[in-house]
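A short write-up of the structure that comes next.
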Amino acid sequence: MNATFSIKGMITMAVVQIQMRKASPAKGCALFNLGFRPFFLGAGIFAIVSIVWWVLLYSGHDIVQIQSITNAQWHAHEMLYGYGLAVVAGFLLTAVRNWTGVPTPHGKPLMGLFALWVSARVLFLFGTSLMLWAAIADLLFGLMLIIAISIPIFRAKQWPQLAVIVKIAMLWVGNIVFYIGYYKILQDGMLYAINGAVLLLIGLILMIGRRVIPFFIERGVSQPFKIKHHQWLDSSILVAFLALFINEIFYQYAELTPYLAVGLFLMNGYRLLGWHVWGIWRVPLLWSLYLSAWMINLGFFLYGVRVLCAIPLVLVLHLFTIGGIGLMSLAMMARVALGHTGRDIRASSVWLVPIFIAVMLSLLLRVFAPMFAMQFYTSWIVAAAVCWILGFAVFVWIYAPILFNPRVDGNPG
């Protein structure tokens, strides 16, 4: 199956390059040649700006007025539906093109899609005073993204990829729920939207990570290594995760949560052990992905035992968001940007190690330090934010030229 996938991938890539050659300039700014370029750069910049805004708000600086929602809900929405969805958009607009052989938006259409995302983020920086306009731009962006990835999948008749469309559509619906909660049409809409987005993004990572992380590991380590996949295990993890999602969002049977979450930890942990080879620890672009996958898995465990161990839910959610979504997305952006600009992924920047370490320090300070010294909670949050900001600042500094400039091999994209 992997050999077939590789052959199909090479064929579709060749077709896409022929189709895109005229649309992709060989010189000048390449920012809107392919989806990963603007959205990865935008996500990196926004990861800095949004957290700077949040720290100022959290420390008592009334830089903007936020009404009808809490400051924490404002922050959570922008990191999940702002930062998180930007990374998803950049990845899928690039991956779907490769999977299907059908071009995704580039040039002016991509510029327009990116402008919608930027508009929503800028409007949100004004707090809730421009919420209506922010909602319009945000929901229109989500709808256009769904259409942009659906057209190639339907044209290529790649029906298994419909699972990707469904998850993005569910994220869009979750964003709608957030806004109708803000306007008091649905009680606790913001809570449903935020908790649902965390689980949906984790589910998307599990699904896409199952496809690409083993592929990256097998081709990224120096020694021959072949990962053995178990269909029963993949299916069991999928069913358990769906059950957890449905229970947590719709039914909330507290007695089921420990069994589902700890069961996911055990099954996914067994799968991750099968992905391990010592060679990954010599490659930052591999150990960062693998470590993030384990942070998600640890999140399942703590989610299952949090009531028994009196662990605040906010700490578990930040384990998912910083260690899972944050580190995974950063590592994926770093890897994809190199590969899709024709660069040697084995010759990555030496600054990647401190970038990944900074995000891991942010995780330790935001999640684990408060478990042992809750009296310094505010200090831990500020220190975690500083580490996050520094990590992403270095990422933007390194990758902005890579994302702006054409491929080094002269190919389109």
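Computed quantities for the displayed model
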read-out: Theoretical gain in end-to-end length, K228 to D409 [0.36 nm per residue, Cα-Cα removed]; value: 61.8 nm
read-out: Solvent-accessible area, 1.4 Å probe, carbon plus sulfur percent, for the stretch 170-243; value: 68
read-out: Residues of the stretch 161-230: accessible area per residue with a 1.4 Å probe, Å²; value: 43
read-out: Per residue accessible area of the stretch 40-152, 1.4 Å probe, in Å²; value: 35
read-out: The stretch 104-169, accessible surface, carbon-and-sulfur percent (1.4 angstrom probe); value: 79
read-out: Solvent exposure of the stretch 266-339 as accessible area per residue, Å², 1.4 Å probe; value: 33
read-out: Contour minus Cα-Cα distance for L273 and Y183 (0.36 nm per residue); value: 27.8 nm
read-out: Set of the stretch 285-316 residues, backbone N closer than 16 Å to the point 7 Å along the Cα-Cβ line of L364; value: 288, 291-292, 295
read-out: Net lengthening on full extension, W294/C309 (0.36 nm per residue, minus Cα-Cα); value: 3.4 nm
read-out: Quotient of C-alpha Rg and 2.2 N^0.38 Å, computed over the stretch 170-245; value: 1.55
read-out: L256-V350 FRET efficiency (beta carbon distance; Förster radius 51 Å; 0.05 resolution); value: 0.65
read-out: Helix-only mean residue ellipticity at 222 nm for the chain, each DSSP H run of n ≥ 4 adding -39500 (n - 2.57), per residue, nearest 500; value: -23500 deg cm²/dmol
read-out: Whole-Å distance, taken between Cα centres, linking the stretch 336-352 and the stretch 227-273; value: 33
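The values are calculated or read from the model by the stated rules, or taken from the named source; none is laboratory data. Model, not experiment: these values are computed from the prediction. Neighbour counts run over all protein chains shown; Cβ positions are idealised from the backbone, glycine included. Calculation scope for accessible area: heavy atoms of the full protein, side chains included, ligands and nucleic acids excluded. Shrake-Rupley method; radii C 1.70, N 1.55, O 1.52, S 1.80 Å.
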